[in-house]
Amino acid sequence: MSTTGEMLRMSELAERSGVSAATIKHYLREGLLGSEEEVVRTSRNMAYYPADFAARIRLIKRLQEERFMPLRVIRDLLASDPDHVERMVELEDRLLERAIAARESDRVSREEALGTWEVPENVIERLEELGILTPDERGYDSDDVAIIAAIARFRAGGYEEAIGFTVYDTLRYRTALQPLVEEEVQVLLDRLAGRVHLERAVEIVSSGAEPLRELVGAMHSKLLLSELRRQRGLG
């Protein structure tokens, strides 16, 4: 694993990685830091570790804390291709940075949202309680705004509570979309990380956002028509 040749004492490795010596020893026992042969033991109580361990330790800690991965899963991932895992995390970070920056620049206040779209305030509040809308102190991001606008169009078209349509219907779509999105993110990261330059990978994902919305919308429309025909045939 080591490429620099630099070796560190345990205290130095802990300082450089930002992780306690006890945690590092636990990682070593769990087989997360490569081969025991890479550790140089000069006495019973003294050993030197490759400096490259520090980056691996930081990656393990991130996978634990940010992705909530158990150590056995992390061990299997790192055993297969540690460099690919690191590139996936780096790509994920860059995508998050770009997405957050884009949304932060176009925030809309609740007052502006209520004034622009004819959606009752209690409906907005319920959508927030359900986690469908996730405003911060500066208001709603672009996706929140699109959801509010869609709700307004639904209501204008006749989707009203009086005939059974409520904000809780949005939960059905979130429940259905969640596993699809999880799979989509995993496939994107796995296919792009390390295969194309980082910035190009970010551009590919960003450019695919709008076509993906159109694809999902068109497929939903086709499935809706197909299901209506199927129901009629059953009838």
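Out of the GluC sites (Glu not before Pro) in the range 147-183, which ones are loop residues according to DSSP with at most 12 other C-beta atoms within 10 Å?
Those satisfying the criteria are E160.
Between S80 and E6, take the C-beta separation as r, use R0 = 22 Å, and let me know the FRET efficiency to the nearest 0.05.
Rounded to the nearest 0.05, the efficiency is 0.25.
Could you work out how much longer the chain between E65 and D93 gets when fully extended? Use 0.36 nm per residue separation minus the Cα distance between them, nm to one decimal.
8.7 nm
Which distance in nm do the two modelled labels at V73 and T116 give, with both placed 7 Å along the Cα-to-Cβ direction?
My value for the distance between the label points is 3.7 nm.
Quickly rank 194-207, 138-151 as a protection proxy: mean count of other C-beta atoms within 10 Å, highest first.
Descending mean neighbour count gives 138-151, 194-207.
Sort the range 79-235 into rounded, prolate or oblate with this rule: let a ≥ b ≥ c be the square roots of the eigenvalues of the Cα gyration tensor; rounded if a/c is under 1.5, and if a/c is not under 1.5, prolate when a/b is larger than b/c, oblate otherwise.
Cα axes put the range 79-235 in the oblate bin.
Which order do peptides 114-123, 24-33 fall in by mean Cβ count within 10 Å, highest first?
Ranked by mean Cβ neighbours within 10 Å, highest first: 24-33, 114-123.
Output wanted: per-residue J couplings in Hz (rounded whole) for the range 26-42, from phi through Karplus 6.51 cos²θ - 1.76 cosθ + 1.60, θ = phi - 60°, x for Gly and Pro.
Taking θ as phi minus 60°, the curve returns 5, 4, 5, 5, 7, x, 8, 10, x, 7, 4, 5, 6, 8, 9, 9, 9 Hz for the range 26-42.
No value in this document is a laboratory result; all are computed from the given coordinates. Keep in mind that what you see is a predicted model, and the values were worked out from it rather than measured. A quick note on method: Cβ atoms are made from the backbone with ideal geometry, for glycine too, and the neighbour counts reach across all protein chains shown.
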